[in-house]
1. Restricting to the stretch B:119-165, name every residue that is within 17 Å of B:Arg97 (Cα to Cα), open to solvent by less than 20 Å² (accessible area, probe 1.4 Å) and out of contact with any Ser or Thr (no Cβ under 7 Å at 6 or more places or on another chain).
2. What number of residues in the stretch A:37-62 are under 28 Å from A:Ser205 (Cα atoms) and touching a Lys or Arg at 6+ places or on another chain (Cβ under 7 Å)?
3. If you go through the stretch B:155-189, how many residues are in a loop (DSSP other than H, G, I, E, B), away from chain A (no Cβ under 11 Å) and more than 13 Å from the chain's Cα centre (by Cα)?
4. Return a yes/no flag: does the stretch B:51-69 have any residue that is of a type outside the set (D, E, K, R), under 26 Å from A:Phe179 (Cβ atoms), at pLDDT 95 or above and within 20 Å of the chain's Cα centre (by Cα).
5. Considering only residues that are in a loop (DSSP other than H, G, I, E, B) and open to solvent by 30 Å² or more (accessible area, probe 1.4 Å), look in the stretch A:190-215 and name the one that is modelled with the highest pLDDT.
6. (1) within 18 Å of A:Met30 (Cβ to Cβ); (2) within 14 Å of chain B (Cβ to nearest Cβ); (3) more than 17 Å from the chain's Cα centre (by Cα); (4) not β-branched (Val, Ile, Thr): which one isn't true of A:Arg88, the others all being true?
7. Output the helices (runs of 4 or more DSSP H) that fall wholly within the stretch B:13-102 and possess 1 or more residues being open to solvent by less than 30 Å² (accessible area, probe 1.4 Å) and among the aromatic types (Phe, Trp, Tyr), or say none.
8. Any idea how many residues of the stretch B:190-206 are more than 22 Å from B:Pro102 (Cβ to Cβ) and within 12 Å of chain A (Cβ to nearest Cβ)?
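The values are calculated or read from the model by the stated rules, or taken from the named source; none is laboratory data. This structure is a prediction, so every number in the text was calculated from the model and none was measured. Positions of Cβ are backbone-derived with ideal geometry, glycine not excepted, and every protein chain shown enters the neighbour counts. Ligands, DNA and RNA are excluded from the accessible area calculation, which covers all protein heavy atoms including side chains. Shrake-Rupley method; radii C 1.70, N 1.55, O 1.52, S 1.80 Å.
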Protein chains: 2
Amino acid sequence: MNDATGQPQQPAKIEFWFEFGSNYSYLSVMRIEQEARRHSVRIVWKPFLLGPIFRDLGMENSPFVLQKEKGAYVWQDMARQCRKYGLRWTKPTTFPRLGVLPLRVALLGVDKPWIGPFCGRVMELNFVLDQEMNQPEQIGPILTDLGLPATDLLNEAQSEPTKTRLREQTSLARRKGIFGAPTFFVGSEMFWGNDRLDDALVFASEHKIGVAPVC
Amino acid sequence: MNDATGQPQQPAKIEFWFEFGSNYSYLSVMRIEQEARRHSVRIVWKPFLLGPIFRDLGMENSPFVLQKEKGAYVWQDMARQCRKYGLRWTKPTTFPRLGVLPLRVALLGVDKPWIGPFCGRVMELNFVLDQEMNQPEQIGPILTDLGLPATDLLNEAQSEPTKTRLREQTSLARRKGIFGAPTFFVGSEMFWGNDRLDDALVFASEHKIGVAPVC
């Protein structure tokens, strides 16, 4: 389709920066595909590591661990939010869980149709089944279930180029001013938190803009 | 009205803990009366001081000042949120502004019909007109405009019993686990942030419960 100036019209886009260890990212991973479809917005999946960002901001752990009061609240809030969205929920016995391996796998799938289902399954491992998610024996079966070549993908995920890509994506997150997850970008407009997913999608569909490059 | 057990039915209640210096409290102050009416929920106004709570949690200032990245984001978010709710908005040149005097005045009005309009006017002083709000010459005209005896109320607000009441209310906030504003309580369920106002009201009207005492 062309716009009024005769230029091919770009579909509206939303950048979705997420982390498998992040409980509020869980809510967005489970909701974003359906919601984005409803607004005719294309998702640009951006897995990144939150730990180095927190450390760079002077925090040695998640704020939900460092701030006792906020931490206590978050689990009460998560139970209610999951009820509201109709999602299953188990408070993880380890928090935050390391998810470097699945983030590397996700990087390989950002343009593939399996990215949404894969991310959903990893999130459920952490926040529904209360299981670790950083080992090949935990991630492999998910890939196999999705009909994907698990061994090849796990090898590629653990190769140096993929490791470098995840480090670079995390540095980019830092340069974009990201301080938590999930974070959404529509053009240069940043939206923080699952609570802003709907606002971000409305903004994207109303402005019909893509995503600004940050170098 | 009586419930099924023949007991007089209590109206559903929401406790609204707020601070005039808090920008997200501004959003809730401007929205809560209309929204609470829509859900048939009674508001229990709870003005308190956020500064001592932050200090108690090891923060010497608002997190929006201490965390540069989050601070930069908050003003972008506020402009969009105000647009969404149809509220006027000016980024305050001083943040956070001291609002001890109007909080003390608000304490005198918690059961009065002028509490909502008064709080709205003080919030607009800070977040629309970008003016100080901690002196009698700033608060007096608001009281007069509302048809209230400004001199008497200002004197009572600055009396020792009212000062003590605000200190005690702030200690109570701390004991209830409050770590930011606005915070809502429905019974013992805590809801943090303007983003949870609607959830809290739905919860209150569905559960038809009041507010649990914390001593």
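1. B:Cys119, B:Gly120, B:Val122, B:Met123, B:Leu125, B:Asn126, B:Met133, B:Ile139
2. 3
3. Summing the residues that are in a loop (DSSP other than H, G, I, E, B), away from chain A (no Cβ under 11 Å) and more than 13 Å from the chain's Cα centre (by Cα) in the stretch B:155-189 gives 3.
4. Within the stretch B:51-69, not a single residue is of a type outside the set (D, E, K, R), under 26 Å from A:Phe179 (Cβ atoms), at pLDDT 95 or above and within 20 Å of the chain's Cα centre (by Cα).
5. Within the stretch A:190-215, the match that is modelled with the highest pLDDT is A:Lys208.
6. So A:Arg88 meets the others, but not (2).
7. B:23-38, B:50-56, B:68-85
8. The qualifying residues number 11.
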